[in-house]
Amino acid sequence: DAKTTQPNSMESNEEEPVHLPCNHSTISGTDYIHWYRQLPSQGPEYVIHGLTSNVNNRMASLAIAEDRKSSTLILHRATLRDAAVYYCTPGGGADGLTFGKGTHLIIQP
Amino acid sequence: DAGVIQSPRHEVTEMGQEVTLRCKPISGHNSLFWYRQTMMRGLELLIYFNNNVPIDDSGMPEDRFSAKMPNASFSTLKIQPSEPRDSAVYFCASSLVGGYNEQFFGPGTRLTVL
C-alpha cells in the first residue's frame, strides 16, 4: 500500500479557502487518489477522487501533481460544517481503503 | 435510500462473551467492507466482500473474528470470545463493484468489552 503523509492539523477561518496537502510518493501507476472526511461521531464520507487530472465536484477540488506523488484537496469556502478529519488514501477503485492519520481541520468562525 | 444500516449502535459486553455486529448495505450495492477504528490504530480495513464472496480478509486480527455475508442485503461480523482490546468503533461500508465507486459508510457500532 502507498504510504501517505498529511499534516496532523490545520486551521482556517470560515469562508476562506483551505488547501489540504498530501504526499503519496510511493503511489502505483494505477492507484486512484481518494479523499474522505470524517465528521465528529460519524462514519467517513467520500469527498473526491482522481487519477491524473485535476477534478472538481460540488464539495471540493482536487489538484494532482504531474508526477502524482502529491495532491491537494481544496475547499473553496470553508464553513463550520467542514470541520473534520480529512484522509487522503491512494488505492484501487474497488478495493478496501487504507487510512492514515489524516488532517484534523479546524475552522474558526 | 436509508443508507448503510448498522446494528446495534452501541454494545457493551463482558470479556469472553460472543458479540455479533450487523450490517445492511445500500440496496443494489454489491461490495461490502468492514472497518475498525481505535485511537491507537486509526481506521483499519478488516475484510471486504464482492457479490457476497470474501475477497480480502487479511485485516482480520485473529481467529476470534469472523465475517459472513449470506445474501446481498446482510452481513455479520462476529467476535468470539471478545476481549477488552476489541473495544472500538466498527464501521460497515458498501459500494458498487466495477470501475471506480465511492464507499458509503454506516454510522458505526461502538463496542465496549469490559
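For the reader, a short list of remarks on this structure follows.
- If the condition is being aliphatic (A, V, I, L, M) and modelled with pLDDT under 95, then region A:79-97 contributes A:94, A:97.
- Test set (1) within 13 Å of chain B (Cβ to nearest Cβ); (2) hydroxyl-bearing (Ser, Thr, Tyr); (3) loosely packed, with under 14 Cβ neighbours inside 10 Å - residue A:53 fails condition number: (1)
- In region A:37-50, the residues that are over 15 Å from the mean Cα position of the chain (by Cα) and more than 9 Å from chain B (Cβ to nearest Cβ): A:40
- One residue stands out among those in region A:11-36 that are without any contact (Cβ under 8 Å) to a residue 60 or more places away in the chain and within 14 Å of chain B (Cβ to nearest Cβ): the one that is nearest to residue A:80 (Cα to Cα), which is A:35.
- Residue check for residue A:85: within 11 Å of chain B (Cβ to nearest Cβ), aliphatic (A, V, I, L, M) and over 22 Å from residue B:29 (Cα atoms): yes
- Within region B:65-88, residues that are acidic (Asp, Glu) reach partners that are part of a strand (DSSP E or B) and at pLDDT 95 or above with beta carbons closer than 7 Å, at six or more positions or on different chains, in the pairs B:83/B:113; B:86/B:79; B:86/B:111; B:86/B:113.
- Selection status of residue B:22, closer than 28 Å to residue A:47 by Cβ, under 10 Å from the mean Cα position of the chain (by Cα), more than 14 Å from every other protein chain (Cβ to nearest Cβ) and not hydroxyl-bearing (Ser, Thr, Tyr): yes
- Cβ-Cβ under 9 Å pairs, at least 6 apart or on other chains, region B:20-34 side surrounded by 21 or more Cβ atoms within 10 Å (Cβ to Cβ), far side among the hydroxyl-bearing types (Ser, Thr, Tyr) and part of a loop (DSSP other than H, G, I, E, B): B:25/B:73
- Residues that are surrounded by fewer than 20 Cβ atoms within 10 Å (Cβ to Cβ) and part of a loop (DSSP other than H, G, I, E, B), drawn from region A:82-109: A:83, A:92, A:93, A:94, A:95, A:98, A:100, A:101, A:109
- Output for region B:5-22, where each listed residue is within 17 Å of residue B:66 (Cα to Cα) and assigned to a strand (DSSP E or B): B:6, B:7, B:19, B:20, B:21, B:22
- Verdict on residue A:7 being modelled with pLDDT of 95 or more, surrounded by fewer than 18 Cβ atoms within 10 Å (Cβ to Cβ), within 15 Å of the chain's Cα centre (by Cα) and part of a loop (DSSP other than H, G, I, E, B): yes
- Taken over region B:47-106, the criterion of being closer than 12 Å to residue B:32 by Cα, within 11 Å of another protein chain (Cβ to nearest Cβ) and part of a strand (DSSP E or B) is satisfied by B:47, B:48, B:49, B:50, B:55, B:56, B:91, B:92, B:93, B:95, B:104, B:105.
- Of all the numbered requirements in (1) farther than 25 Å from residue B:4 by Cα; (2) modelled with pLDDT of 95 or more; (3) within 14 Å of chain B (Cβ to nearest Cβ), residue A:102 misses one, and that requirement is (1).
The values are calculated or read from the model by the stated rules, or taken from the named source; none is laboratory data. Just so you know, these numbers come straight off a predicted model, no measurement behind them. Every residue, glycine as well, gets a Cβ built from its backbone with ideal geometry; the counts of neighbours run over all protein chains shown.
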